[in-house]
Ligand SMILES: Cc1cc2nc3c(=O)[nH]c(=O)nc-3n(C[C@H](O)[C@H](O)[C@H](O)COP(=O)(O)O)c2cc1C
């Protein structure tokens with residue numbers, strides 16, 4: 001009799017639907033738990049990476065403050081905000097570092113750009129990307145020195161026409177067989193410099209250290 005009931009359930013499509021939903025629910029709960037357990041360590045890693053990169057794009061002799069905690073967020077023209085990490089020496093702002101995000105070949109590329117008071121680039125580092133290993137990933141300083149080619153550049157050096165990869169008539173190298181990634185990075189850094197120039201006066205005005 002037990003066998004008959006088992007066979008009856010097995011043939012019932014509602015039984016299979018309920019079973020499938022049960023498995024889906026258990027998987028979803030496990031995923032949520034997994035996410036919550038790892039979220040904190042992922043965030044810690046993100047902060048460590050950013051702190052390390054801040055030290056790479058702003059030279060140590062330009063500041064005596066804590067770059068990580070001394071920030072100012074300014075509204076952009078489109079209403080979004082850009083957070084700047086400020087470098088200060090003796091209280092005066094000497095440099096700033098900020099993030100720019102752009103679409104690469106296969107996903108978003110997060111950049112950290114360090115500039116001095118005049119808007120000259122002190123350093124650029126890629127904080128995150130999903131570009132193809134061996135092709136687009138040469139933007140990562142751990143793989144290639146290409147990103148160092150932006151050091152000392154500014155909005156006037158090169159001029160606007162030069163802010164492109166060589167293939168498009170500009171001054172920056174592309175990678176062989178991979179122009180999309182470097183093209184996107186060059187454009188994002190140029191736009192970052194334009195943004196900095198538009199906010200520079202507000203940003204560099206004297207103010208208290210800390211988050212504002
Ligand atoms: C599997 C695969 C992965 C690729 N990954 C990248 C990449 O990460 N970055 C990139 O710029 N181009 C990548 N490319 C090449 C682009 O499709 C495109 O051909 C190239 O960027 C154009 O550069 P070129 O004008 O120098 O040929 C990839 C192509 C293939 C087939």
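The values are calculated or read from the model by the stated rules, or taken from the named source; none is laboratory data. Predicted, not measured: the structure shown is a model, and the values here were computed from it. For neighbour counting, all protein chains shown are included, and Cβ atoms are generated from backbone atoms with ideal geometry for every residue, glycine included.
Key figures
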quantity	calculated
Residues (within 12 Å of the ligand (Cβ to nearest atom) and more than 24 Å from the chain's Cα centre (by Cα)) located in the stretch 146-175	166, 167, 168
Close pairs (6 angstrom Cβ cut-off, 6 or more residues apart or separate chains): within 14 Å of residue 108 (Cα to Cα) and in contact (Cβ under 8 Å) with a residue 12 or more places away in the chain in the stretch 174-199, near the ligand (Cβ under 7 Å from one of its atoms) and assigned to a helix (DSSP H, G or I) anywhere	181/136
Single residue of 184, 188 found to be under 18 Å from residue 100 (Cβ atoms), in a helix (DSSP H, G or I) and within 11 Å of the ligand (Cβ to nearest atom)	184
Any hit, the stretch 192-206, residues being in a loop (DSSP other than H, G, I, E, B), at pLDDT below 95 and either surrounded by fewer than 13 Cβ atoms within 10 Å (Cβ to Cβ) or out of contact with any strand residue (DSSP E or B) (no Cβ under 6 Å at 6 or more places or on another chain) (or both)	yes
Residue satisfying all of: in the stretch 82-99; out of contact with any strand residue (DSSP E or B) (no Cβ under 8 Å at 6 or more places or on another chain) and in a strand (DSSP E or B); surrounded by the most Cβ atoms within 10 Å (Cβ to Cβ) among these	89
Answer from 69, 106 - the residue that is farther than 25 Å from residue 142 by Cα and part of a loop (DSSP other than H, G, I, E, B)	69
